[in-house]
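The values are calculated or read from the model by the stated rules, or taken from the named source; none is laboratory data. In this text the structure is predicted, and so the values were computed from the model without any measurement. Note that we place each Cβ from the backbone using ideal geometry, even for glycine, and neighbour counts take in every protein chain shown.
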């Protein structure tokens with residue numbers, strides 16, 4: 001009899017776990033959704049400000065890198081903050097997300113910024129080559145790869161604000 005009870009209990013617990021995992025889907029994943037929203041806001045900001053300045057649309061700005069604000073910084077800072085709000089700021093998951101965010105933001109202002117500056121110089125050298133040179137017809141390298149520190153800080157602030165607003169929206173209301 002006890003064995004049947006234990007089996008029934010185990011079966012019930014497995015059912016509870018299964019049904020709770022179905023209620024938590026990708027569409028209710030607050031850190032994921034908040035990060036996508038921050039990325040979308042950052043990219044849209046670049047797209048709209050370019051149109052305002054140049055009076056023409058450039059669809060590449062919706063997915064391209066570089067510019068103000070840094071969408072990479074906005075995305076990873078939102079992810080870290082949202083994980084902190086959801087899982088706690090003392091946990092290892094938040095620590096991993098924070099370290100990832102720091103690496104991405106450091107890379108944006110370091111390696112990627114310098115690679116973009118090198119591309120500018122190389123493009124200028126190729127532009128000045130005589131027409132008969134084999135590299136004279138080379139496709140120009142992408143120059144807008146990295147971010148200035150101000151662009152990274154702006155992206156990070158956008159990410160933190162997005163995570164806070166998302167947390168306030170998704171926060172369960174306290175019952176009095």
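One residue alone among 62, 32 is modelled with pLDDT under 80, touching a helix residue (DSSP H, G or I) at 6+ places or on another chain (Cβ under 7 Å), under 30 Å from residue 94 (Cα atoms) and surrounded by fewer than 21 Cβ atoms within 10 Å (Cβ to Cβ), and that residue is 62. Close contacts from the stretch 78-104, counting a first residue that is free of Cβ contacts under 8 Å to residues at least 24 places away in the same chain and a second that is outside any helix (DSSP H, G or I), with Cβ to Cβ under 8 Å and a gap of 6+ residues or different chains, come to 94/88.
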